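The values are calculated or read from the model by the stated rules, or taken from the named source; none is laboratory data. Here the structure is a predicted model, which is why all the values come from computation and not from measurement. Cβ: placed from backbone, ideal geometry, glycine included. Neighbour counts: every protein chain shown. Heads up: the accessible areas ignore ligands, DNA and RNA and are worked out on the full protein's heavy atoms, side chains in. Shrake-Rupley method; radii C 1.70, N 1.55, O 1.52, S 1.80 Å.
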Amino acid sequence: MATRVSAGRVSAYFIAIVVAVIFLAPLVVATLTAFKSPREITQVLSFPTQLYLDNFVVAANQMGRSFLNSLAITIPAVIFSVVLGAIGGYPLAYMRGGSSRWIYFFLLTGMLVPFQIVQIPLFIFIRTIGLYDTIPGMWLTHTAYSVPFCTFFMRNFFASVPRSMYEAALIEGCGPFGYFWRLLLPASTSGLSALAIIQSRYIWNDLLFGITLTNGDEAQPATVAIAGFVSGVQVQYGPLMAATLVSVVPVMAAYLIFQKSFVRGLLGGAGK
Amino acid sequence: MTSVAPARRRFYFSQRAVHLLFLVLPVLLFVTFFIYPIISTFYLSLQDWDGISKSMKFIGMANYVELLHEPRFFHAVLNNVTWLIFLLLGPTGLGLLLAAILDRGLRGERVFRIVYFLPFTIPAVAVAAIWRWVYEPTSGLLTTVLNVVGLGSLAQNWLGDPHVVNFALMGAVMWWMTGFSFLVFFAGLRNIPVECIEAARIEGATPWQIFWKVSFPLLWPSTIVVLGISAVDAMRLFDVVWATTNGGPAYASEVLATQMYDVAFGRFDMGRASAISVYLLILAGAVIMPYLYYMSLRVQASEAE
């Protein structure tokens, strides 16, 4: 019996380690490549003999602006979408009767639609209102397409806050608006921050809306710039890996720091 | 009592008014950015239009009919279906396996957890950039490793060969997406009461039996979440494919979303592209509607309890 259990444990360790190595290898190689000079770059498995930082300089010259754009797009869009999720989720969690259920399901369908069905009219609409290739245009777009998920997420989070708190507040003379602003939001920071992390990944990593609605230095996010770089005829892997590394860091860091609250928020939002 | 009633009613009325007020902005955005464009796409799909000129030409169902005669279109549909099957089974299966392994309480669990989850946080274009380097045919990581272990003859032109490119992309996506299902399953396994597992162990069940007879059925809520999200992802799939191969070589790795983008913004045939996206919507509906139906049955059942 004992040997069988330990054999199981050995194979568990074996699989866990092999998969971990396979998962890490591309990231490690990409990181090493970012620090290699063009001469060394074809030796994939070797370590760089010196820290070659020119790749980052080239990347900064070609794509620096797009990284600033990405920041300028992501931070406000995350705030807007989370706030809007809370605003939409609140009545849906507390209203009684069929109408709120209908609105809820109505919004939910938006989570399941492939965005291609809106892509062309969106492009025409944003161009018509003069927001094509602008950062506010990206805010508007990301906020609008986040409505279904953010509302869904915050509704489920608010639904887990005891209803007695709501009724007690109303009896104390706190209006429904005051309850939302002074009690519910401060009590929901873990849900709001989990949603903020999910949204930053989603908006920072977006390619589809960026590629459809921007067309140049003014508003192009980093993902679009990198995609242009990747599909170039002669790919310079050194600068590309440097840019890739920089594009990966912000969201990865956010997830590592807030891992716990992300998992909790995710299960609160989706597990039930 | 009687004096309280009207005040209460007014109170509830104002409460409802505030709630409805809160819903104005989300619903307005939803109508502007979902409902209106969807209707507009249906309208555009009946036109011949280059997206720039002032006038469109109404051509009825011609776009839909012509697509049905295009091998390129069918190839993309087939690719979407293949991706659907792959995403339902591949990352889900590996994520479940990894979660089950880690749930045994391995040493260094935290590190493993972070490593498995890391790729999920990175942008699709970074996945594309990194894996283009891994798949570089002469000096990329995969070819180099195969050469080192003496299997150099297995090396392929990973992204350049129409027969290989889809498998290569799926490998990259497996690496990218497994972290999500892993994390959901792992958290789900942690939520299973220890007593259930303990009881089965006392009855003499092997770890294998415990997993399939006890843990896995209790994990079903996590499983349906992962499967639902995978299905939606398979229909939406665009960014990894576009950034890695542009749908090439020779349209071999194209899915409906990348084909639609190419037809709309590469060839400026907005009517045809709209028809592609309507077909995609129908395909997505056919996949997702049964899922929604099942979910609503579950919700009803849980409300009845």
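Within segment A:95-129, restricting attention to residues that are among the polar types (S, T, N, Q) and closer than 28 Å to B:Ala234 by Cβ, the residue that is most open to solvent (accessible area, probe 1.4 Å) is A:Thr109. Selection within segment A:214-230: residues that are open to solvent by less than 10 Å² (accessible area, probe 1.4 Å) and over 25 Å from A:Ile124 (Cβ atoms). The member of this set that is farthest from the other protein chains (Cβ to nearest Cβ) is A:Ala222. Out of B:Ser139, B:Ser181, one residue alone is out of contact with any strand residue (DSSP E or B) (no Cβ under 8 Å at 6 or more places or on another chain) and surrounded by fewer than 20 Cβ atoms within 10 Å (Cβ to Cβ). It is B:Ser139.
Listed here are the residues, each with its yes/no results for (1) farther than 30 Å from B:Trp133 by Cβ; (2) touching a Ser or Thr at 6+ places or on another chain (Cβ under 8 Å); (3) surrounded by 24 or more Cβ atoms within 10 Å (Cβ to Cβ); (4) modelled with pLDDT of 90 or more.
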position	(1), (2), (3), (4)
B:Pro207	yes, no, no, no
B:Val214	yes, no, no, no
B:Val225	yes, no, no, no
B:Leu256	no, yes, yes, yes
B:Asp262	no, no, no, yes
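Here is the figure for segment B:30-42: residues that are surrounded by fewer than 20 Cβ atoms within 10 Å (Cβ to Cβ), among the hydrophobic types (A, V, I, L, M, F, W, C) and within 7 Å of chain A (Cβ to nearest Cβ) total 1. Of all residues in segment A:158-184, exactly one satisfies the criterion of being part of a loop (DSSP other than H, G, I, E, B), closer than 14 Å to A:Gly89 by Cα and not hydrophobic (A, V, I, L, M, F, W, C), namely A:Ser160. Within segment B:215-238, the residues that satisfy the criterion of being in a helix (DSSP H, G or I), over 12 Å from B:Thr92 (Cβ atoms) and at the interface with chain A (Cβ under 10 Å from one of its Cβ atoms) are B:Pro221, B:Val232, B:Met235, B:Arg236. Among the residues making up segment A:214-230, those that are touching a residue at least 60 places away in the same chain (Cβ under 8 Å), assigned to a helix (DSSP H, G or I) and over 17 Å from B:Arg236 (Cβ atoms) are A:Ala222, A:Val224, A:Ala225, A:Ile226, A:Phe229.
Of the residues A:Ser11, A:Ser37, the single one that is part of a helix (DSSP H, G or I) and more than 8 Å from chain B (Cβ to nearest Cβ) is A:Ser11. Tell me whether segment A:181-189 contains one or more residues that are at pLDDT 85 or above, more than 30 Å from B:Ser14 (Cα to Cα), polar (S, T, N, Q) and in contact with a helix residue (DSSP H, G or I) (Cβ under 7 Å, 6 or more places away or on another chain). Within segment A:181-189, none of the residues are at pLDDT 85 or above, more than 30 Å from B:Ser14 (Cα to Cα), polar (S, T, N, Q) and in contact with a helix residue (DSSP H, G or I) (Cβ under 7 Å, 6 or more places away or on another chain). For segment A:170-213, a tally of residues being under 18 Å from A:Ala144 (Cβ atoms), more than 12 Å from chain B (Cβ to nearest Cβ) and open to solvent by 10 Å² or more (accessible area, probe 1.4 Å) returns 1.
One line per residue, one yes/no per condition, for (1) facing another protein chain (nearest Cβ under 10 Å); (2) in a helix (DSSP H, G or I); (3) more than 23 Å from A:Ile211 (Cβ to Cβ); (4) within 20 Å of the chain's Cα centre (by Cα):
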residue: A:Ile17; (1), (2), (3), (4): yes, yes, yes, no
residue: A:Ile41; (1), (2), (3), (4): yes, no, yes, no
residue: A:Val58; (1), (2), (3), (4): no, yes, no, no
residue: A:Pro76; (1), (2), (3), (4): no, yes, no, yes
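Yes or no: segment B:235-253 includes at least one residue that is surrounded by fewer than 24 Cβ atoms within 10 Å (Cβ to Cβ) and over 26 Å from B:Val165 (Cβ atoms). No, segment B:235-253 contains no residue that is surrounded by fewer than 24 Cβ atoms within 10 Å (Cβ to Cβ) and over 26 Å from B:Val165 (Cβ atoms). Please verify whether B:Trp158 is open to solvent by less than 40 Å² (accessible area, probe 1.4 Å), not charged (D, E, K, R) and not in a helix (DSSP H, G or I), treating the condition exactly as stated. For B:Trp158, the condition - open to solvent by less than 40 Å² (accessible area, probe 1.4 Å), not charged (D, E, K, R) and not in a helix (DSSP H, G or I) - is met. For segment A:231-247, the set of residues classified as outside any helix (DSSP H, G or I) and either open to solvent by less than 30 Å² (accessible area, probe 1.4 Å) or closer than 16 Å to B:Asn246 by Cβ (or both) consists of A:Ser231, A:Gly232, A:Val233, A:Gln234, A:Val235, listed by residue number. Scanning segment A:96-155 for residues being more than 10 Å from every other protein chain (Cβ to nearest Cβ), over 23 Å from the mean Cα position of the chain (by Cα) and either outside any helix (DSSP H, G or I) or closer than 13 Å to A:Leu84 by Cβ (or both) gives a total of 2. When segment B:185-205 is filtered for residues that are in contact with a helix residue (DSSP H, G or I) (Cβ under 8 Å, 6 or more places away or on another chain), open to solvent by 80 Å² or more (accessible area, probe 1.4 Å) and not in a helix (DSSP H, G or I), only B:Asn191 remains.
Of all residues in segment B:97-116, those satisfying the criterion of being over 14 Å from A:Phe14 (Cβ atoms) and open to solvent by less than 10 Å² (accessible area, probe 1.4 Å) are B:Ala99, B:Tyr116.
Could we say that B:Tyr261 is more than 7 Å from chain A (Cβ to nearest Cβ), over 22 Å from B:Phe185 (Cβ atoms), assigned to a helix (DSSP H, G or I) and of a type outside the set (Val, Ile, Thr) here? Yes.
At least 1 residues being within 11 Å of chain A (Cβ to nearest Cβ) and among the acidic types (Asp, Glu) is the threshold, and among the helices (runs of 4 or more DSSP H) wholly inside segment B:79-152 those reaching it are B:109-117.
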